[in-house]
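Enquirer: Have a look at this one before I ask anything.
The values are calculated or read from the model by the stated rules, or taken from the named source; none is laboratory data. Just so it is clear, the model here is predicted, and its values are computed rather than measured. Positions of Cβ are generated from backbone atoms using ideal geometry, with glycine treated the same way; all protein chains shown enter the neighbour counts. What goes into the accessible areas is simple: the full protein's heavy atoms, side chains included, and nothing from ligands, DNA or RNA. Shrake-Rupley method; radii C 1.70, N 1.55, O 1.52, S 1.80 Å.
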Amino acid sequence: MQEDLFSAANTQEDAVKIRAEELHTLLHRYGHAYYVLDAPLVPDSEYDRLFRELQDIEQQHPELKTADSPTHRVGGAPLPEFSQVQHGIPMLSLNNAFEPEEVQAFDQRIREGLERDENVEYSVDLKFDGLAMNLRYVDGILVQAATRGDGYTGEDVTENIRTIRCIPLKLHTDTPPAVLDVRGEVLMYKADFQKLNQRQRDLGAKEFANPRNAAAGSLRQLDPKIAAQRNLRFFAYGIGVLEGADKPEGHQALMSWFKSLGLPVCDEGALVSGAEGLLARYEAVAAKRDALPYEIDGIVYKVDRFAFQDQLGFVSRAPRFAIAHKFPAQEALTKVIAIDVQVGRTGAITPVARLEPVFVGGVTVTNATLHNEEEVQRKDVRIGDTVIVRRAGDVIPEVVGSVAERRPPDAQLFVMPQACPVCGSPISKPEGEAVARCSGGAIKCKAQRKGALNHFVSRKAMNVEGLGEQLIEQLVEKQIITTPADLYKLGLSSLVALDRMAEKSAGNILTALEQSKHTTFARFIYSLGIRHVGESTAKDLAQSFGNIDALMAATEEALLEVNDVGPVVAKSVREYFADTLNCEMVSQLIAAGIQWPVQAERSAADLPLAGLTFVLTGTLPTMGRDQAKELIESKGGKVSGSVSKKTHYLVAGEEAGSKLVKANELGVPVLDEAGLVQLCSRNPDEKN
Ligand code: IVH
C-alpha cells in the first residue's frame with residue numbers, strides 16, 4: 001500500500017517533468033519559427049499560453065527551471081546574413097496580463113515596491129503588433145538600427161530602416177546627445193498590408209499571414225530597395241543608452257522630447273492614475289481597436305517616473321515597472337472537421353470549413369468560408385488539419401492557413417463535388433473562372449431559389465422589411481413559394497401557419513410587401529438578380545431603357561450602347577430575358593402591382609450633368625463620398641472609380657492622391673466641392 005502511494009506520487013512528478021520537457025521543445029521550435037524564420041507556426045495567443053504554463057510549472061517546481069529553459073530567453077538567435085549588434089542595454093520583454101484582477105495585482109505590487117499609499121501615475125501606450133527596434137543616433141545622426149534578436153544581440157538592419165520615411169536620419173536639434181538609443185516598433189499599416197498581399201497574389205508570390213509578418217519579412221530583405229517599397233512605419237516608445245544629455249523625468253516627458261527631436265510618437269499615449277485609470281484606458285482603447293489603421297494586441301502600462309522605474313527594477317526577462325494588458329486574441333487554432341460546399345444564389349459553389357468550435361475575436365466560430373477551390377489549394381487546408389482562424393472586429397471569420405506541423409497522416413484533400421449537394425445537378429467550372437457553379441438554376445435548385453428570394457427582398461433591392469432568411473427558408477421548404485412573384489400572392493392564412501409567426505408580424509410582412517411595390521425601375525432590375533448586374537449597372541440600364549418592355553426586347557447591340565456595359569453583361573442580360581420563365585415572372589410581378597415613377601419627359605439628356613463622367617477623390621469639406629455621388633447621379637452624371645481619358649471632371653478634396661496626379665497628367669479638369677455644386681445648378685442649355 002505504502003509503496004503504491006509512493007509510486008503514484010512519483011508518476012505525477014514524472015508527468016510534470018515530461019510536460020515541462022514537451023513545453024521546452026515546443027517553445028523552442030515555435031520561437032525559432034517566429035523570431036528567426038518569420039514564419040510562425042502558431043498564433044501568439046497559443047505561444048503565450050504555453051509559455052505561461054511553463055512559467056507556472058517552474059514556479060512550483062524550481063528544480064525544473066534548467067539552464068536551457070525558453071523562459072530565460074526573450075527570442076531566438078539572429079539570422080546569419082545580417083551582421084550582429086550587441087545591445088548597449090538589453091531589450092527585454094514584458095509580462096502579460098489578461099484579466100482586470102491581474103492589473104489590480106500589478107498596481108498593488110508597484111505600490112508595495114515603492115512603499116506608497118497614494119495612486120501611482122502610469123503612462124499607457126498602445127502595444128503595437130510589429131517588431132521591436134533599436135535606433136542608435138550618434139551626435140544626432142542615425143548610425144545604426146538593430147532588431148531585438150534574443151534581447152542581447154540583434155541584427156543590423158540599418159539600410160532597411162533608413163528607407164522608412166517617418167524615421168529621421170538626423171535629429172531635429174542643434175544640440176544632440178552624444179549617443180541616443182531610441183526604442184520603438186516597426187510596423188505596417190493594415191491598408192498597406194492589404195495592398196502588399198494583393199500585389200503578391202498578382203505576382204503569384206506567397207502572401208503574408210498578417211501585417212507583422214509582412215513588416216518582419218520586409219526588414220529581412222537583404223536588398224533595401226524591397227523594404228523601401230513596403231511603406232513601413234515606426235513609433236518610438238522607449239530609450240536605451242543615453243550619453244551627453246539628461247534623461248527626462250518620466251515616460252511622458254521622454255515622449256515629448258522625442259517628438260521635439262522629430263521622432264514619430266503615437267498620439268494615443270496617455271497618462272493615468274491608479275488601477276482604475278489603467279482599466280478605464282483599457283476599455284477606451286479596446287473600443288477603438290478596429291478603427292486604428294494599424295494592429296495592436298493590447299496596451300502597455302508603465303510607471304511614468306523613471307526614478308520609480310529604477311527603484312522597481314527587473315525580474316529575469318521583464319521589468320517590474322511595466323506590464324502588457326493583452327486584448328482577446330483575434331487568431332486561434334482549431335481543427336477542420338469537414339469541408340462542405342454552399343450553393344449561392346447564382347449557383348456559385350463555395351467551400352466552407354466546418355470547425356471545432358473555437359472562441360476568437362469575442363465570438364465562438366464554427367464555420368469559415370474558403371471562398372473557392374483555388375483558395376483551398378493556396379492555403380493548403382485539408383480535412384483534419386489544425387488551422388489558424390482569424391476574426392477581427394465585425395469581419396467574417398477566415399482561415400489564415402494550416403499548420404503543416406500538426407497535419408495528421410490521414411488528413412484529406414478537399415475534392416470539389418461533381419454534383420450539386422442540394423439538387424444533384426452537375427457542377428461545372430468554366431475555363432478561366434475561379435468559381436464552380438451548380439447548373440440547376442433557380443427552378444431545379446432550392447439553394448439558388450432561396451438565394452434569389454433573399455436577394456429580391458434585400459435592402460438595396462425591393463427592401464421588404466421583416467422578411468428574413470429564416471422565413472424564406474420555411475416558405476421554400478414548405479413549397480409555399482418558388483419565385484419572387486409568389487411573394488405577392490401570400491395571404492395572412494399561409495403566413496400564420498408558419499412556425500413562430502403571430503398574426504401581428506404576418507400582417508406587418510404583408511404591409512411591407514405592399515409598400516415594396518412602389519419602387520424605382522433601377523431597384524426592380526437589380527432585384528431580379530441577373531448575373532453581373534449590380535446596383536450601378538441596374539441604374540445605367542434603367543436610365544437607358546426607361547421601361548421594362550424596352551429592356552426585355554433589347555438586343556445585345558443595344559445593350560452594348562449603354563454606359564459601362566460590356567459584352568459579358570450584355571450577354572448575361574440577353575440570356576436572362578431569352579428565358580421565357582424569367583419573362584413570365586417579370587410579367588407576374590408587374591401584374592401584382594409593382595410600379596415606379598415613369599421617367600420625366602425632360603429626364604436623362606436634359607439634366608445638367610447628363611453625359612458627363614466624374615471621379616471623386618480625397619475628402620470634401622462638407623459632403624460625404626456617397627452624398628456627392630448621389631448628387632452627381634441625381635443630376636444625370638455618372639461616377640466612375642478611376643481617372644481615364646474619358647473622365648470629364650475630377651472632384652478633388654483634401655488629401656487627394658494618385659487620382660489627382662493622373663488627372664493632371666491627362667489634362668482632366670479638376671473641381672472642388674463648390675465647383676461641383678455650381679456645375680449642378682447650371683442651366684442645361686449652357687451645356688457644351
Ligand atoms: S516597452 C522593457 N512599449 O512588446 C520593456 N513594448 O513583450 C520594453 N511592444 O518587444 C517594452 N508596443 O516589441 C513597449 N508601447 C510599447 C510596445 C512594446 C509593442 C512590444 C515590443 C516588445 C514587446 C514586449
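Enquirer: Going by accessible area, probe 1.4 Å, with all protein chains left in place, what is the ranking of His28, His518, His87, largest first? Mind dumping the intermediate values first?
Expert: Values: His28 70, His518 130, His87 20 Å².
Most to least solvent-accessible, the answer reads His518, His28, His87.
Enquirer: If you don't mind, there's one more thing I want to ask. Report, ordered by chain and residue number, the lysines lying within cross-link reach of Lys489, taken as a straight Cα distance under 19 Å and ignoring same-chain residues fewer than 8 apart.
Expert: Qualifying lysines at Cα under 19 Å: Lys450, Lys478, Lys504, Lys517.
Enquirer: Subtract the Cα-Cα distance of Asp340 and Arg165 from 0.36 nm times their separation in residues, and report this length gain in nm to one decimal.
Expert: On the way: separation 175, 0.36 × 175 = 63.00 nm, distance 4.65 nm.
Length difference between fully extended and current span is 58.3 nm.
Enquirer: Assuming R0 = 41 Å, what is the FRET efficiency of Glu556 and Glu268, from their Cβ-Cβ distance, to the nearest 0.05?
Expert: Numbers: r = 56 Å, r/R0 = 1.37.
Rounded to the nearest 0.05, the efficiency is 0.15.
Enquirer: Hey, rough spin-label estimate for Ser642 and Glu535, points 7 angstrom out along Cα→Cβ, what's it come to in nanometres?
Expert: 2.2 nm
Enquirer: Would you list, by chain and number, the lysines whose Cα falls below 24 Å from the Cα of Lys635, excluding same-chain residues fewer than 8 positions away?
Expert: Lys460, Lys539, Lys645, Lys646, Lys659, Lys687
Enquirer: Right, here's the next one. Using a 10 angstrom Cβ neighbour count of at most 13 plus a DSSP loop assignment to flag exposed trypsin sites (Lys or Arg not before Pro), which longest range of the chain is free of such sites? Mind dumping the intermediate values first?
Expert: On the way: sites that count: Arg116, Arg165, Lys206, Arg459, Lys460, Lys478, Lys489, Arg500, Arg602, Lys645, Lys646, Arg682.
Counting at most 13 other Cβ atoms within 10 Å as exposed, the longest clean stretch of the chain is 207-458.
Enquirer: Mind checking the angle between helix 567-578 and the chain's longest principal axis? C-alpha axes, 0 to 90 degrees, to the nearest 10.
Expert: 50 degrees
Enquirer: Next question, about the same structure. Multiply the residue gap between Ile226 and Ala307 by 0.36 nm, knock off their C-alpha separation, and tell me the result in nm, one decimal place. Please report the intermediate quantities before stating the final value.
Expert: Numbers: separation 81, 0.36 × 81 = 29.16 nm, distance 4.23 nm.
Working it through step by step, the gained length comes to 24.9 nm.
Enquirer: For segment 133-253, what does the alpha-carbon gyration tensor say about shape, rounded, prolate or oblate, given a ≥ b ≥ c as the root eigenvalues, a/c under 1.5 as rounded, and a/b over b/c as prolate? Could the numbers behind the result be given before it?
Expert: Details: a/c = 2.30, a/b = 2.23, b/c = 1.03.
Prolate, since a/c reaches 1.5 and a/b exceeds b/c.
Enquirer: Would you tell me the accessible area of Tyr152, worked out with a 1.4 angstrom probe on the heavy atoms of the protein chains, in Å² to the nearest 10?
Expert: Taking all protein chains as shown, Tyr152 has close to 100 Å².
Enquirer: Ranked from the most accessible area to the least, with a 1.4 Å probe and all protein chains present, what is the order of Ile481, Ile141? Kindly include the intermediate steps, with their values, before the conclusion.
Expert: Values: Ile481 5, Ile141 70 Å².
Largest accessible area first, the list is Ile141, Ile481.
Enquirer: Per DSSP H run of at least 4 residues, take -39500 (n - 2.57); add these up for the chain, divide by its residues and hand me the 222 nm value, nearest 500 deg cm²/dmol.
Expert: On the way: 26 runs with 260 residues, N = 688.
Calculated mean residue ellipticity at 222 nm is -11000 deg cm²/dmol.
Enquirer: Also, quick follow-up: Counting only heavy atoms of protein chains, what accessible area per residue, in Å², does the chain have with a probe of 1.4 Å?
Expert: Numbers: 34750 Å² over 688 residues.
Using a 1.4 Å probe on heavy atoms only, each residue of the chain averages 51 Å².
Enquirer: Still on this structure, please answer the following. Please give the contour-minus-distance gain from Gln595 to Gln108: 0.36 nm per residue of separation, less the Cα-Cα distance, rounded to one decimal in nm.
Expert: Working: separation 487, 0.36 × 487 = 175.32 nm, distance 7.00 nm.
Separation in residues times 0.36 nm, less the Cα-Cα distance, equals 168.3 nm.
Enquirer: Continuing with the same structure: From largest accessible area down, sort Asp672, Asp246, Asp540; use a 1.4 Å probe on the protein chains.
Expert: On the way: Asp672 85, Asp246 140, Asp540 15 Å².
Per-residue accessible area, sorted high to low, gives Asp246, Asp672, Asp540.
Enquirer: In addition: Accessible area of the chain with a 1.4 Å probe: how many percent of it is carbon plus sulfur?
Expert: Values: 17430 of 34750 Å².
That fraction is 50 percent.
Enquirer: Here is a further query. With angles folded into 0 to 90 degrees, how steeply does helix 44-60 sit against the dominant principal axis of the chain? Use alpha carbons for both and round to 10.
Expert: Taking Cα atoms only, the helix is inclined about 30 degrees.
Enquirer: Considering the chain, which cysteines have no disulfide-compatible partner, defined as another cysteine with its Cβ under 4.7 Å away?
Expert: Lacking a cysteine Cβ partner under 4.7 Å: Cys166, Cys266, Cys583, Cys680.
Enquirer: How big is the accessible area of Leu498 in square angstrom, nearest 10, if you roll a 1.4 angstrom probe over the protein chains?
Expert: In the full protein context, Leu498 sits at about 10 Å².
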